[in-house]
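Data first, discussion second: the structure below is written as structure tokens.
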Amino acid sequence: MSSVDQTTRARNATHIDIHDSTTRKHWADLLQVSDERLRKAVRMVGTRVSSVSAYLAK
């Protein structure tokens, strides 16, 4: 799968695939956080994009 396809799939996702480096980079860039901060947020609240976004907005 091309990186364009993966990025499109990541944009339409309701959950963050923390194990896929391309998807993780997309979300970290989009949410303007480091990879480690994104991983911590997922550990704290789970993989749902809305939960991660809310957690990071605090």
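For segment 13-26: of the residues being of a type outside the set (A, V, I, L, M, F, W, C) and part of a loop (DSSP other than H, G, I, E, B), which is surrounded by the most Cβ atoms within 10 Å (Cβ to Cβ)?
Per the stated criteria, the residue is D17.
Which residues, taken from segment 27-36, are out of contact with any helix residue (DSSP H, G or I) (no Cβ under 7 Å at 6 or more places or on another chain) and not in a loop (DSSP other than H, G, I, E, B)?
Scanning segment 27-36 gives D29, L30, E36.
Counting only residues that are out of contact with any Phe, Trp or Tyr (no Cβ under 8 Å at 6 or more places or on another chain) and open to solvent by less than 30 Å² (accessible area, probe 1.4 Å), how many does segment 27-50 have?
4
Filter segment 37-48 down to the residues that are closer than 11 Å to I18 by Cα and part of a helix (DSSP H, G or I) and list them by number.
L38, R39, K40, A41, V42, R43
The values are calculated or read from the model by the stated rules, or taken from the named source; none is laboratory data. Here the structure is a predicted model, which is why all the values come from computation and not from measurement. Note: ideal-geometry Cβ built from the backbone for every residue, glycine included; neighbour counts use all protein chains shown. Quick note on the areas: whole protein, heavy atoms, side chains included, nothing else; ligands and nucleic acids left out. Shrake-Rupley method; radii C 1.70, N 1.55, O 1.52, S 1.80 Å.
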